[in-house]
Amino acid sequence: MADISMTTVVVLCLAALAAGWIDAVVGGGGLLLLPALLLGLPGTTPAATALGTNKAVAIVGTTGAAVTYVRKTPIDVATAVRIGLAALAGSMGGAFFAAGMSTEVLKPVIMAVLVGVGTFVIFRPDFGTAPATGPLPPGRVLAAIGVAGVGIGFYDGLIGPGTGTFLVLALTAVLRLDLVRASANAKIVNCCTNAGALAMFAWQGAVLWRLALVLALFNLVGGTLGARTALKRGSGFVRIVLLTTVVGLVTKMAYEQWVA
């Protein structure tokens, strides 16, 4: 942290707080924190180090949000854990290939991801408002393990930002959950993806541990508050936060990429 100014640390702490809140409500906190790290860390910092530090922060906030959800809303923990174990393996695989990825590649990919998520939600206004009732068919659980577990887990290890949002969308579509229950289940799965990716990044020495510890405290507070807000306000509120987050971040990153 010697090469990072105190002003930058303060800004990163605020970004970690906001990212924890957003991640708990609808996922995608990394879409705020990772760009902040890419901009705030010295220019010579490898992209993999920003990714690894982001994972070390995110796992703390995600765990706090998951605990809050489990205590206050019905969750099929067994199914979430099965998906999560597949996601853990997928994220370790993705993280293994992430070491050679550059910042120049990351930013356009993140913007494309954001635009895709926003477009999907805008054109599906009823998405995540009317969950199916009854037990989950085994076929849907297997599909969720493949898509949300292995597929999104690999993406989380390789790039990361938007994983929570993708998990919410996938679990809502495949398991037919409402957005609040999907967010709750996504937190358990996301804990596993973060753990797998973090283990690989730590093994590669790509984590700034002292900075991560400071940011993690703010991320934990944000995550806990975000989960409580989502439970209180419901799926409609979650959808509004998702769209607002997407529009704001796309605008910000597009300006930095092509104007600034």
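Every read-out reported here was derived from the displayed coordinates using simple, explicitly stated rules and does not represent laboratory data. On a predicted model such as this, the values are computed, not experimentally measured, just so you know. Cβ coordinates were reconstructed from backbone atoms using ideal geometry, including for glycine residues, and neighbour counts include every protein chain displayed.
Worth a mention:
- Among Ala112, Ala50, Ala173, residue whose mean-square fluctuation peaks in a GNM of the chain (springs only between Cα atoms under 10 Å): Ala112
- Each of Val207, Thr7, Gly223 was scored by the projection of its Cα onto the charge dipole of the chain, and the greatest displacement toward the positive side belongs to Gly223; charges sit on the C-beta of Lys, Arg, Asp and Glu.
- Gaussian network model of the chain, springs between alpha carbon atoms under 10 Å - residue of Thr79, Thr244, Thr49 with greatest fluctuation: Thr244
- Around Thr229: net Lys/Arg minus Asp/Glu count, Cβ-Cβ under 13 Å: +3
- Computed per residue of the chain from DSSP H runs no shorter than four, each worth -39500 (n - 2.57), the mean residue ellipticity at 222 nm is -26000 deg cm²/dmol.
- For the chain, a Gaussian network of Cα nodes joined below 10 Å ranks Gly52, Gly236, Gly157 by mean-square fluctuation, and the top entry is Gly236.
- Region 1-32 versus region 237-251: alpha-carbon centroid distance in Å: 17
- Stokes-Einstein D in µm²/s, Kirkwood radius over Cα pairs - the chain at 10 °C with 1.306 mPa s viscosity: 90
- Computed FRET value (nearest 0.05) for Thr7 with Arg210, which takes r as the C-beta separation and R₀ as 22 Å: 0.80
- Between 0 and 90°, nearest 10: helix 47-72 axis offset from the chain longest Cα axis: 30
- Charge tally in the Cβ shell below 11 Å around Cys192, where Lys, Arg are +1 and Asp, Glu are -1, Cys192 excluded: +1
- Near Ala36, once Lys and Arg are set to +1 and Asp and Glu to -1 for all other residues with Cβ below 12 Å from its Cβ, the sum equals 0.
- Convex hull volume per residue, computed on the Cα atoms of region 171-260, equals 151 Å³.
- Degrees between helix 6-26 axis and first principal axis of the chain (Cα, 0 to 90, nearest 10): 10
- Dipole-positive endmost among Ala48, Gly29, Leu198 within region 6-259 (Cβ charges, Cα centre): Gly29
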